[in-house]
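**Student:** One structure, as structure tokens, below. Some questions next.
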Amino acid sequence: MLLKQISIFIENRTGRLAEVTNIIAQNGIDIRALAVADTAHFGILRIIVHDPYKVEQILKDNGLTFSLTSVVTVQVKDEPGGLASLLGVLTEHDISIEYMYAFLARNDNKAYVVMRIEEDLKAQAILKENGYIGIEAGKL
């Protein structure tokens, strides 16, 4: 349920996102999930990959600024109200989400939500108690 996410800080200019994703691709890394947030001068590319520690080294070797954080990744029912139910459980336990995004896992064709939660271990325990399951890095 807890996965490592890589957040890469990128200058907000034409072609820079392509350059960074190309560096990752040239090293044989498949990006399984991503989200991009931007401001006037820079963006943050958040990615989930099979081997985050390999990507960490690739980014270091290429002089890119990044951070590695834990995120809660949980399967949601791919139906109306699936996400609302998950969020309801977290709300009942006063768990706040900093940000979130979603993806489909290739190996099991299930919908997953990625959430950055300060109290990630507490959230993980609560979600497990309520029948939610996560995904392991090996199943990406």
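**Student:** Name the residues in the stretch 106-133 that are closer than 23 Å to HIS50 by Cα, of a type in the set (A, V, I, L, M, F, W, C) and either surrounded by fewer than 17 Cβ atoms within 10 Å (Cβ to Cβ) or without any contact (Cβ under 8 Å) to a residue 60 or more places away in the chain (or both), would you?
**Tutor:** Those that are closer than 23 Å to HIS50 by Cα, of a type in the set (A, V, I, L, M, F, W, C) and either surrounded by fewer than 17 Cβ atoms within 10 Å (Cβ to Cβ) or without any contact (Cβ under 8 Å) to a residue 60 or more places away in the chain (or both): ALA111, VAL113, MET115, ILE117, LEU121, ALA123, ILE133.
**Student:** What are the pairs, 6+ residues apart or on separate chains, where a residue within the stretch 5-23 that is closer than 21 Å to TYR53 by Cα has its Cβ under 7 Å from a residue that is among the aliphatic types (A, V, I, L, M) and not in a strand (DSSP E or B)?
**Tutor:** If the second residue must be among the aliphatic types (A, V, I, L, M) and not in a strand (DSSP E or B), the pairs left are ILE6/VAL55; ILE8/VAL20; ILE8/LEU59; ILE8/LEU64; ILE10/LEU17; ILE10/VAL20; VAL20/LEU64; ILE23/ILE58.
**Student:** Output the residues belonging to the stretch 53-78 that are free of Cβ contacts under 8 Å to residues at least 12 places away in the same chain and in contact with a Gly (Cβ under 7 Å, 6 or more places away or on another chain).
**Tutor:** none
**Student:** Take the stretch 35-50 and flag every residue that is without any contact (Cβ under 8 Å) to a residue 40 or more places away in the chain, out of contact with any helix residue (DSSP H, G or I) (no Cβ under 8 Å at 6 or more places or on another chain) and surrounded by 16 or more Cβ atoms within 10 Å (Cβ to Cβ). Explain how you work it out, then say what you get.
**Tutor:** The first filter runs over the stretch 35-50 and keeps only residues without any contact (Cβ under 8 Å) to a residue 40 or more places away in the chain, leaving 36, 38-45.
Now restrict to residues that are out of contact with any helix residue (DSSP H, G or I) (no Cβ under 8 Å at 6 or more places or on another chain): 38-42, 44.
Listed by number, the list holds a single entry, ILE44.
**Student:** Within the stretch 20-34, can you find the residues that are farther than 25 Å from ILE117 by Cβ, surrounded by 14 or more Cβ atoms within 10 Å (Cβ to Cβ) and in contact with a strand residue (DSSP E or B) (Cβ under 9 Å, 6 or more places away or on another chain)?
**Tutor:** VAL20, THR21, ILE24, ILE29
**Student:** While we're here: How many of the residues in the stretch 79-101 are surrounded by 13 or more Cβ atoms within 10 Å (Cβ to Cβ) and free of Cβ contacts under 8 Å to residues at least 60 places away in the same chain? Please lay out each step first, then the result.
**Tutor:** Our first condition is that a residue be surrounded by 13 or more Cβ atoms within 10 Å (Cβ to Cβ); within the stretch 79-101, this holds for 82-83, 85-87, 89-90, 93, 95, 97, 99-101.
Checking the rest, the ones that are also free of Cβ contacts under 8 Å to residues at least 60 places away in the same chain come to 82-83, 85-87, 89-90, 93, 95, 97, 100.
Of the residues in the stretch 79-101, 11 are surrounded by 13 or more Cβ atoms within 10 Å (Cβ to Cβ) and free of Cβ contacts under 8 Å to residues at least 60 places away in the same chain.
**Student:** Let me ask another. Collect the residues in the stretch 32-87 that are more than 23 Å from ASP120 (Cα to Cα) and in a strand (DSSP E or B), keeping them in residue-number order.
**Tutor:** ASP38, PHE42, GLY43, THR65
Quick note: the coordinates plus some simple rules give every number you see, no bench work behind them. This is a predicted model, so every value here is computed, not measured. No Cβ is skipped: glycine too gets one built from the backbone with ideal geometry, and neighbour counts run over all protein chains shown.
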